[in-house]
Amino acid sequence: MAVNDLYESVIAVYPNPANNVINIRANREEIKGIRMLDLNGKVVLELERFNQNLINISNLKKGVYLLKINVNGIVETKKIIKY
């Protein structure tokens with residue numbers, strides 16, 4: 001089992017696909033920051049001090065995005081579909 005496998009079980013991102021907001025939950029872990037990129041690698045959203053569970057994505061265009069979640073120094077990537 002890889003290190004990312006351990007963290008994948010404690011991070012939940014929902015709903016997916018999403019329209020206006022997404023929720024991020026990390027059981028017993030502190031989220032240090034998030035970064036959302038489009039498929040071209042352009043950063044479309046970045047929050048370094050993440051202290052809430054909701055992220056507003058209503059201003060993003062429809063498409064597929066990569067959400068990079070920093071949990072205690074380990075970054076996990078989730079694919080998000082915006083409709």
Would you list the strands (runs of 3 or more DSSP E) that sit entirely within region 23-63 and hold 2 or more residues that are touching a residue at least 40 places away in the same chain (Cβ under 8 Å) and not hydrophobic (A, V, I, L, M, F, W, C)?
none
Among the candidates Y14, Y65, Y83, which residue alone is touching a Pro at 6+ places or on another chain (Cβ under 9 Å) and at pLDDT 90 or above?
Y83
Hey, can you tell me all the residues within region 64-78 that are closer than 18 Å to A18 by Cα and in contact (Cβ under 8 Å) with a residue 60 or more places away in the chain?
K78
Extreme residue, nearest to I81 (Cα to Cα), among residues of region 40-70 that are β-branched (V, I, T) and exposed (fewer than 15 other Cβ atoms within 10 Å of the Cβ)
V64
Leading residue by the ranking (most open to solvent (accessible area, probe 1.4 Å)) among those in region 26-39 that are out of contact with any Ser or Thr (no Cβ under 9 Å at 6 or more places or on another chain) and farther than 13 Å from L67 by Cα:
R28
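The values are calculated or read from the model by the stated rules, or taken from the named source; none is laboratory data. These numbers were taken from a predicted model, which means no experiment stands behind them. So basically every Cβ, Gly included, is an ideal-geometry build from the backbone, and we count neighbours across all protein chains shown. Heavy atoms of the whole protein, side chains included, go into the accessibility calculation; ligands, DNA and RNA do not. Shrake-Rupley method; radii C 1.70, N 1.55, O 1.52, S 1.80 Å.
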